[in-house]
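Worksheet for the structure shown next.
The values are calculated or read from the model by the stated rules, or taken from the named source; none is laboratory data. Because the structure is a prediction, the values reported are computed rather than measured. When we count neighbours, we look across all protein chains shown, and the Cβ atoms used for this are built from the backbone with ideal geometry, even at glycine. These accessible areas exclude ligands, DNA and RNA; they are computed on the full protein's heavy atoms, side chains included. Shrake-Rupley method; radii C 1.70, N 1.55, O 1.52, S 1.80 Å.
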Amino acid sequence: MSFAKKIRLGVNIDHVATLRNARGGFAPDPLRAAQMALAAGADGITAHLREDRRHIVDEDMRRLKASINAPLNFEMAATEQMLDIALKIRPHASCLVPEKRTERTTEGGLDVVNGRERLAPFVDELLRAGIRVSLFIEPSFEALAAARALKAPVVELHTGAWCNALALGETDKAEAEFERLRAAAEEAERLGIECHAGHGLDFDTARLISAFPQIVELNIGHFLIGEAVFVGLDSAVKEMIAAVAQGRAGAAGA
Ligand code: PXP
């Protein structure tokens, strides 16, 4: 028995800010992208305030929180500076992610197994402030057990290894990664942890992963913003919602 039928789509608007920052100035505006994504049917907005502010900047987070009428998911590294900002902005949710300045994107999950003691005060403070905490983790039982020990109510499974394997045509690896995600989603439910997924998803992979009934939220950014260049953000988001609904309907045998 799974705890939800509906699957929410969080649209990550970081790369609208990447484009803006390539020239400086104010356009394109990530807040406008957030409003368009929501108007197209997205359930929430995700933004990652990175330590080096390479895309989203502090003022974007403030404007998003002040102006959007939907859940805001603040992706952040577990640092004192980010914690202070989150406690001021009070987003609906914070997703703790690992962060290295040198990486192009968030390449792996949080090391919750070895980092438990370091992460605990961040999880506790955010929860005490009424912010829903999720931990961005590899789809492994060890990471899930550590997330449970940290009393995190939500995990987001890192789908990057699966998506990369598929993109590279590494069929065996892709199948193994898909099964790892399936097992992790089932284990999360068994542990009573709400399960989300994200990273590297496109229409096809979003459709496939939506078949796991335990997953109740997907956070998708780079592909959607890229697709928006060709078809517009409204169309891209609507097509993604349709793909996700199709994957979910298949899972329910509809
Ligand atoms: N979820 C988390 C925790 C992330 O760090 C990212 C990337 O910022 C995403 C989802 C979205 O990944 P993508 O941009 O590849 O769709």
The lone condition Lys238 fails out of (1) in contact with a helix residue (DSSP H, G or I) (Cβ under 9 Å, 6 or more places away or on another chain); (2) more than 10 Å from the ligand (Cβ to nearest atom); (3) outside any strand (DSSP E or B) is (1)
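Give the residues of the stretch 34-55 that are farther than 14 Å from Asn219 by Cβ and touching a strand residue (DSSP E or B) at 6+ places or on another chain (Cβ under 8 Å), sorted by residue number. Steps first, please.
Pass one, the stretch 34-55, residues farther than 14 Å from Asn219 by Cβ: 35-36, 38-41, 49-55.
Leu38, Gly41, Leu49, His55, listed by residue number.
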Test for Leu127: is it open to solvent by 50 Å² or more (accessible area, probe 1.4 Å), away from the ligand (no atom under 16 Å from the Cβ) and not in a loop (DSSP other than H, G, I, E, B):
yes
Of the conditions (1) within 24 Å of His48 (Cβ to Cβ); (2) in a helix (DSSP H, G or I), Glu187 clears all except one; give me its number.
(1)
Go through the stretch 32-53 and give me each residue that's more than 23 Å from Ala120 (Cα to Cα), open to solvent by less than 20 Å² (accessible area, probe 1.4 Å) and of a type in the set (A, V, I, L, M).
Ala33, Ala34, Ala37, Ala40, Ala42, Ile45
Would you check if there is a residue in the stretch 54-61 being within 15 Å of the ligand (Cβ to nearest atom), charged (D, E, K, R) and open to solvent by 20 Å² or more (accessible area, probe 1.4 Å)?
yes
Given the criterion within 14 Å of the ligand (Cβ to nearest atom) and either open to solvent by 40 Å² or more (accessible area, probe 1.4 Å) or out of contact with any helix residue (DSSP H, G or I) (no Cβ under 8 Å at 6 or more places or on another chain) (or both), identify the matching residue among Gly226, Gly200.
Gly200
Tell me the residue from Ala143, Ala174, Ala165, Ala152 that is open to solvent by less than 10 Å² (accessible area, probe 1.4 Å) and under 19 Å from Asn73 (Cβ atoms), please.
Ala152
Qualifying residues in the stretch 56-65 (those that are among the acidic types (Asp, Glu) and touching a residue at least 12 places away in the same chain (Cβ under 8 Å)) - the one farthest from Gly221 (Cα to Cα)
Asp58
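Condition first: out of contact with any helix residue (DSSP H, G or I) (no Cβ under 7 Å at 6 or more places or on another chain) and either surrounded by fewer than 17 Cβ atoms within 10 Å (Cβ to Cβ) or without any contact (Cβ under 8 Å) to a residue 60 or more places away in the chain (or both). Now tell me which residues in the stretch 177-195 satisfy that. Even if it seems obvious, please write down each step before you answer.
We begin by selecting, within the stretch 177-195, every residue out of contact with any helix residue (DSSP H, G or I) (no Cβ under 7 Å at 6 or more places or on another chain); these are 179-180, 182-183, 185-186, 189-190, 192, 194.
Glu179, Arg180, Arg182, Ala183, Ala185, Glu186, Arg190, Gly192 - these are the residues of the stretch 177-195 that are out of contact with any helix residue (DSSP H, G or I) (no Cβ under 7 Å at 6 or more places or on another chain) and either surrounded by fewer than 17 Cβ atoms within 10 Å (Cβ to Cβ) or without any contact (Cβ under 8 Å) to a residue 60 or more places away in the chain (or both).
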Can you tell me which residue in the stretch 1-20 is nearest to the ligand (Cβ to nearest atom), limited to those that are open to solvent by less than 60 Å² (accessible area, probe 1.4 Å) and more than 21 Å from Ala93 (Cβ to Cβ)?
Thr18
Does any residue of the stretch 154-163 turn out to be among the charged types (D, E, K, R) and touching a Phe, Trp or Tyr at 6+ places or on another chain (Cβ under 7 Å)?
yes
